[in-house]
Amino acid sequence: MSPILNRSARPVIIAVLIGASACSLPGRFMRGYATAEASGTDVLDRGGIMEEATEPHRGQVRFVFDDFGSLTTDELESYAIPWKLAATSLALGREEAGRGELSQSRMRAVLREYGFLTPTRIANWAGPQPHLDRPLGLVGGTARRGFPGVEIEIANVGCATCHAGPVYGADGRPTGEAWLGLPNPSVDLTSYVADVTTSLARDLDRPDVLLEAVTRAFPETSARELSTLRKHVIPRAREQLAERMTQYGGLLPFDNGGAGLMNGVGSIRFLIGLIHQDVRSTEVAYTSPPDLTGTTLRRTLLIDGVYAAPGSSRYGGFRPEDVTSEHLDDLAGVTSIFIAGTQGISPADSRKAIPEVREVMAFINELGTPAFPGVVDPELAREGGEVYQGHCASCHGTYREIDGRQTLVEHANRFVPQDRMRTDSTRWTVADSLSLRLIQAIGYGELIEPVGEGGYIAPDLSGVWATAPYLHNGSVPTLWHLLYPDARPERFWVGGHKLDLDLVGIAGFAAGDGTWCYPAEYRPWSRPTLFDTRTPGRSNEGHGFYDLDDRQRLAVLEYMKTL
């Protein structure tokens, strides 16, 4: 492994991985090595019921359940977590405060506070509904070794943590169902980090209480796993937590920005050893996860288009008929690097996962978007389609009605420089030179050619009505506010929200101080966070629409409901 990725420098990148840095096992113990098969992927094994499934169907399973090689005892030194210990610790404080008895159902409710989805069903799942042992997006399995005797249930994040979103009903409220490929605008990894840190700090000094709680929350826990937790995990976790609190003031020196945001640049900088102190106030290149429907029509990946396959054309129109097996191979190679950054495995191991990622790309290539649940004015939407074609399609792509739905038939892959769009520049200004250095340092040069040019790639708008908040950093609560930039609120609540089907976005009202607040009668299903556009990395400026009159703006808004 490259020295730039030495384990002592590896971060706990995102919240669900928080237990990892606090639960590293001693090196000699870890060298014994044990690996777990992710629950749910066994159907793909030889003799499994989906052994002969098509590539997109196999990719669907991997999108929800696959760990891509990250459920190992080695990865407990990076981002994977001892599931039962971390989940129990998080919920135990609620029980002691009189907020419900400890149980697995109670733990699911606690995790919903942070925006993790526990859907009644997956609305776009092909075939019989899968069984979810954990919230959607958390993958896991049990690792075992005979000598020395080790057993531990390990969990990690998967694709669906950020890339599966709620389905909304005709009243704008979440229905309880989930849709694979939509972003999750409510998952709040920063708050999760903070709360698990507090829980572990409290419980690691009272192992008897913590392990007794584990047996109540997970009655099936074996004596061997309890012994593993007591002898190996808890002692090292206590030591590691103290070290990180001293160095960073927490388990991470940066945060992810709040509900629905990610900080990929911060995590990469930490991964390669460029961050050694608290940088929460300066490491603020936040991004909002996109809808994935148009991904396979992209020539580059990431919001700034930094990553592309070597020698490929980076810009220009791309149609569904242009998607070849070779193109999906290229995208899988580029996408595989994200596994190292989010699941904590080495770049060498992430490259080994390319065949599995390739199946995921085949699944993404067939993704669609849910239908708008409200009423659409067909004449106004038709008018809006004409405005869109004349003013928007050259950047955001061309749509055509197919089987009654507006469908993306050409992705523009348009690069928009900063001096034209004028949206928050924080992300692209920190990503370009860093990416160039990173790709070469970790040996990904044969799969990725990074280029930073000072701007962003205009996204396609498939399912845009369901993806609030808007702009690349999630800084605008509704499409109406996006179209009327002078009315954009400086502050708004996000997370666990319902949709306003007229304004198209986060339902709310402007309070006396201008903050966009939830309707008084609405109780959010997850814990909201306050987005303040006056703070670094969160500007809501740019993309002004000043060339459109009021009628044109309202017509485009209506058309957006049909995508």
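The values are calculated or read from the model by the stated rules, or taken from the named source; none is laboratory data. Since we're looking at a predicted model, the values are computed, not measured. Backbone-built Cβ (ideal geometry, glycine too); neighbour counts: all protein chains shown.
Of note:
- Some residue of the range 498-517 being of a type in the set (Lys, Arg), at pLDDT 95 or above, more than 15 Å from Ala468 (Cβ to Cβ) and part of a loop (DSSP other than H, G, I, E, B): no
- Taking the criterion of being among the charged types (D, E, K, R) and without any contact (Cβ under 8 Å) to a residue 40 or more places away in the chain, the only residue of the range 448-499 that qualifies is Asp486.
- Near pairs, Cβ below 6 angstrom, 6+ apart or cross-chain, from the range 227-242 (in contact (Cβ under 8 Å) with a residue 24 or more places away in the chain) to any residue that is among the polar types (S, T, N, Q) and outside any helix (DSSP H, G or I): Arg236/Ser24; Gln240/Ser24
- Residues within the range 252-274 that are surrounded by fewer than 24 Cβ atoms within 10 Å (Cβ to Cβ) and closer than 20 Å to Arg491 by Cβ, tallied: 2
- From the list Gly333, Gly344, Gly317, the lone residue that is over 20 Å from Thr423 (Cβ atoms) and surrounded by fewer than 20 Cβ atoms within 10 Å (Cβ to Cβ) is Gly317.
- Qualifying strands (runs of 3 or more DSSP E) (wholly inside the range 107-173; at least 1 residues being of a type in the set (Phe, Trp, Tyr)): 164-168
- Filtered residues of the range 518-546 (kept if assigned to a loop (DSSP other than H, G, I, E, B), in contact (Cβ under 8 Å) with a residue 12 or more places away in the chain and of a type in the set (D, E, K, R)): Arg527, Arg534, Arg538, Glu541
- Subset tally (residues that are under 18 Å from Gly158 (Cβ atoms) and either in contact (Cβ under 8 Å) with a residue 40 or more places away in the chain or touching a Ser or Thr at 6+ places or on another chain (Cβ under 8 Å) (or both)) for the range 108-120: 8
- Residue match in the range 262-279 (condition: of a type in the set (Asp, Glu) and in contact with a strand residue (DSSP E or B) (Cβ under 8 Å, 6 or more places away or on another chain)): no
- Failed item, numbered, when Tyr522 is tested on (1) buried (at least 19 other Cβ atoms within 10 Å of the Cβ); (2) of a type in the set (Ser, Thr, Tyr); (3) in contact with a Lys or Arg (Cβ under 9 Å, 6 or more places away or on another chain): (1)
- Pairs are defined by a Cβ separation below 7 Å, a sequence spacing of at least 6 or placement on different chains, a first member in the range 288-305 that is at positive phi, and a second member that is outside any helix (DSSP H, G or I) and surrounded by fewer than 23 Cβ atoms within 10 Å (Cβ to Cβ); the pairs so defined are Gly305/Arg314; Gly305/Phe415.
- Residue among Thr246, Thr228, Thr293 that is polar (S, T, N, Q) and under 18 Å from the mean Cα position of the chain (by Cα): Thr293
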